[in-house]
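First up is the structure itself, then whatever we jot down about it.
The values are calculated or read from the model by the stated rules, or taken from the named source; none is laboratory data. Here the structure is a predicted model, which means the values were calculated and not measured. When we count neighbours, we look across all protein chains shown, and the Cβ atoms used for this are built from the backbone with ideal geometry, even at glycine.
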Amino acid sequence: MTKSKAKALGEDVFFNTPAGVAYLGTEWASNSVVRSDLVVSHFLDSVGGYRHKSRRDRLLNILDVDLDWHMHQISDGERRRVQIVQGLMAPWNLLLLDEVTVDLDVMVRQELLQFLIEDTKTRDCTVVYATHIFDGLDNFPTHVCHLQIGSTTTPKPIPWPISPETAVQNDRGIPEEALHEIASPDRIGSKLLVLALHWLKEDRLIRLKLEAQGDPAFKKRGALPESSVPTDSEVFYRKYDYTNSA
């Protein structure tokens with residue numbers, strides 16, 4: 001464990017979490033409570049949906065949620081929609097999204113992103129969105145940020161859409177090759193995808209270097225050397241046959 005000085009809205013996120021911060025992550029849908037026999041309408045009322053009727057109803061329509069669904073009978077994707085309604089119906093100042101749109105279909109996801117764009121503009125609030133799905137996202141962010149080995153690579157988030165001028169202003173946080181590919185008319189995929197791929201390749205090279213140096217924080221990944229894999233059948237089955245506990 002290491003000490004952290006991370007702050008949100010000027011407050012320590014670990015010891016004095018400020019009001020107005022909302023977090024939606026993927027672990028919610030696997031919680032045993034939300035997989036029990038709960039009717040969606042009752043569940044939303046129990047978490048204050050009646051206090052935010054206008055926002056709740058708009059989100060129900062965007063996410064195509066049936067209020068008569070029973071939480072234990074619906075799919076993971078439908079359960080995810082209920083989670084998003086529950087998490088967004090109360091107004092927030094800072095919204096942290098961690099891969100929660102992964103289970104949404106293309107149309108619902110785009111309508112949700114449009115709702116978030118409108119919300120941030122009209123209420124002057126902020127969304128921090130972590131995702132590995134980049135389709136249709138080029139017009140969503142106002143800034144992008146690269147986290148590498150636990151730290152940001154630039155002093156400030158990089159304004160988006162990117163240009164050579166903004167790249168220079170942000171200590172060259174964008175690789176030169178990525179800039180050229182983003183600007184290319186022959187580019188395959190979204191601009192954000194191009195940038196993410198360059199950053200990921202850069203991160204992997206750094207990690208491989210740390211692994212080769214024997215850094216204890218970076219255990220070597222991938223296939224094991226042949227010398228560490230048992231070839232004797234008796235040794236192999238004794239090691240991997242979990243039906244024999246002796």
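Can you give me the number of residues within the range 7-27 that are outside any loop (DSSP other than H, G, I, E, B) and not aliphatic (A, V, I, L, M)?
The first filter runs over the range 7-27 and keeps only residues outside any loop (DSSP other than H, G, I, E, B), leaving 7-8, 11-12, 21-24, 26-27.
Next, from what is left, pick out any that are not aliphatic (A, V, I, L, M): 7, 11-12, 23, 26-27.
The number of residues fulfilling the criteria is 6.
Taking the conditions exactly as written (surrounded by 14 or more Cβ atoms within 10 Å (Cβ to Cβ), under 17 Å from Gly87 (Cβ atoms), in contact with a Gly (Cβ under 7 Å, 6 or more places away or on another chain) and touching a residue at least 24 places away in the same chain (Cβ under 8 Å)), does Ala22 satisfy them or not? Break it down into steps so the answer makes sense when it comes.
Details: surrounded by 14 or more Cβ atoms within 10 Å (Cβ to Cβ): yes; under 17 Å from Gly87 (Cβ atoms): yes; in contact with a Gly (Cβ under 7 Å, 6 or more places away or on another chain): yes; touching a residue at least 24 places away in the same chain (Cβ under 8 Å): yes.
When the stated conditions are applied, Ala22 passes them.
Go through the residues of the range 123-130 one by one and say whether even a single one is surrounded by 15 or more Cβ atoms within 10 Å (Cβ to Cβ), within 14 Å of the chain's Cα centre (by Cα) and more than 21 Å from Met89 (Cβ to Cβ).
Within the range 123-130 (the criterion being surrounded by 15 or more Cβ atoms within 10 Å (Cβ to Cβ), within 14 Å of the chain's Cα centre (by Cα) and more than 21 Å from Met89 (Cβ to Cβ)), the answer is no, since none of the residues qualifies.
Within the group Ser41, Ser54, Ser46, which residue is among the polar types (S, T, N, Q) and either touching a helix residue (DSSP H, G or I) at 6+ places or on another chain (Cβ under 9 Å) or under 30 Å from Ala217 (Cβ atoms) (or both)? First the steps, then the outcome.
Working: Ser54 fails: either touching a helix residue (DSSP H, G or I) at 6+ places or on another chain (Cβ under 9 Å) or under 30 Å from Ala217 (Cβ atoms) (or both); Ser46 fails: either touching a helix residue (DSSP H, G or I) at 6+ places or on another chain (Cβ under 9 Å) or under 30 Å from Ala217 (Cβ atoms) (or both).
The unique qualifying residue is Ser41.
Could you please give the count of residues in the range 42-98 that are modelled with pLDDT of 95 or more and at positive phi?
Going through the range 42-98 one residue at a time, the tally reaches 1.
For every residue, the table says whether it meets (1) surrounded by 15 or more Cβ atoms within 10 Å (Cβ to Cβ); (2) closer than 19 Å to Tyr23 by Cβ.
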{"site": "Asp37", "(1), (2)": "no, no"}
{"site": "Gly48", "(1), (2)": "no, yes"}
{"site": "Lys53", "(1), (2)": "no, no"}
{"site": "His70", "(1), (2)": "no, no"}
{"site": "Glu78", "(1), (2)": "yes, no"}
{"site": "Gly87", "(1), (2)": "yes, yes"}
{"site": "Asn93", "(1), (2)": "yes, yes"}
{"site": "Val100", "(1), (2)": "yes, yes"}
{"site": "Phe115", "(1), (2)": "yes, yes"}
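In the range 28-65, which residues are in a helix (DSSP H, G or I) and among the small types (Gly, Ala, Ser)?
Of the residues in the range 28-65, the ones in a helix (DSSP H, G or I) are 28-30, 33-35, 40-46, 49-62.
Across the range 28-65, the qualifying residues are Ala29, Ser30, Ser41, Ser46, Gly49, Ser54.
Just give me the residues in the range 121-151 being assigned to a helix (DSSP H, G or I) and either in contact with a strand residue (DSSP E or B) (Cβ under 6 Å, 6 or more places away or on another chain) or assigned by TED's automatic domain parsing to the domain that holds Arg204 (or both), in sequence order. So that I can check it myself, show each step before the final result.
Restricting attention to the range 121-151, the residues satisfying the condition of being assigned to a helix (DSSP H, G or I) are 121-123.
Those that are assigned to a helix (DSSP H, G or I) and either in contact with a strand residue (DSSP E or B) (Cβ under 6 Å, 6 or more places away or on another chain) or assigned by TED's automatic domain parsing to the domain that holds Arg204 (or both): none in the range 121-151.
Does Asn31 satisfy being modelled with pLDDT of 95 or more, exposed (fewer than 13 other Cβ atoms within 10 Å of the Cβ) and not acidic (Asp, Glu)?
Values: modelled with pLDDT of 95 or more: no; exposed (fewer than 13 other Cβ atoms within 10 Å of the Cβ): yes; not acidic (Asp, Glu): yes.
Considered against the rule, which asks whether it is modelled with pLDDT of 95 or more, exposed (fewer than 13 other Cβ atoms within 10 Å of the Cβ) and not acidic (Asp, Glu), Asn31 comes out as no.
Need the failing condition index for Val82 against (1) in contact with a helix residue (DSSP H, G or I) (Cβ under 7 Å, 6 or more places away or on another chain); (2) of a type outside the set (S, T, N, Q); (3) outside any helix (DSSP H, G or I); (4) not assigned by TED's automatic domain parsing to the domain that holds Ile206, just the number.
It is condition (3) that Val82 fails.
For Leu24, only one of the following conditions fails: (1) touching a His at 6+ places or on another chain (Cβ under 8 Å); (2) within 22 Å of Leu113 (Cβ to Cβ). What is its number?
So Leu24 meets the others, but not (1).
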